[in-house]
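Just so you know, all these numbers are worked out from the coordinates, no wet-lab data involved. All values reported here derive from a predicted model rather than from experimental measurement. Using ideal geometry, Cβ is built from the backbone for each residue, glycine included, and neighbour counts are taken over all protein chains shown.
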Amino acid sequence: MDSIERNIVTKLKELNVNIDSLKPFEKEYLIQIESIISKKAQIQEEAIKTLKANKFSLSSIAKEIGCSRTTFYNNRILKAYIELSEALFNEGNPYKAYEDLKTAKSLVEAQVDKMIARDVHAEILSHENKELHNTIKEKNKVINSLQARNAELSNELQNYRTQSKVHSNKDVKSKKQVIDINKHK
């Protein structure tokens, strides 16, 4: 089976058609159609190769002439002339347009990747922020509880001190009374 027949069988499988179910005239037409398409595809491939090989730049022109690039870079007119010619040449070059789109696509994909990384980082930070807020709320509850307990203990301590002063004053009065009693004897 040659490449034309393989292409026909492959394409018919995509269409869910069995080649054996076709009438002989349909097979003949398919062979003619695929032959034309194959020739066109080959011409297209050769044209793309020619377009790829036919590009030029300041460097390639300097190389073909046999001079250094700096000769052109240092001469404003020669450099501008080559750059203008290159721009005009590439205006109608579909391969150049394809290369430019490919480069732009790569740049956009890189930018999207950076944006995705930035967004993932932002989501992680947001999640961490929420966790920290919850932790702070819990810690504030503990702080409030400890402050309330501290206030209770301070009140108790104050009460004990007050009671202690009252008891010590009673002791002093009773000692004075005892002392006073001793003096009277």
- Query: Scanning for something free of Cβ contacts under 8 Å to residues at least 24 places away in the same chain, of a type in the set (Ser, Thr, Tyr) and surrounded by 13 or more Cβ atoms within 10 Å (Cβ to Cβ), does region 95-103 turn up at least one residue?
  - Reply: yes
- Per the filter on region 60-115, residues closer than 20 Å to ILE48 by Cα, assigned to a loop (DSSP other than H, G, I, E, B) and polar (S, T, N, Q) are ASN93
- Among the residues of region 55-66, write down those that are of a type outside the set (Gly, Ala, Ser) and loosely packed, with under 12 Cβ neighbours inside 10 Å. GLU64, ILE65
- Which residue out of PHE25, PHE56 is assigned to a loop (DSSP other than H, G, I, E, B) and among the aromatic types (Phe, Trp, Tyr)? PHE56
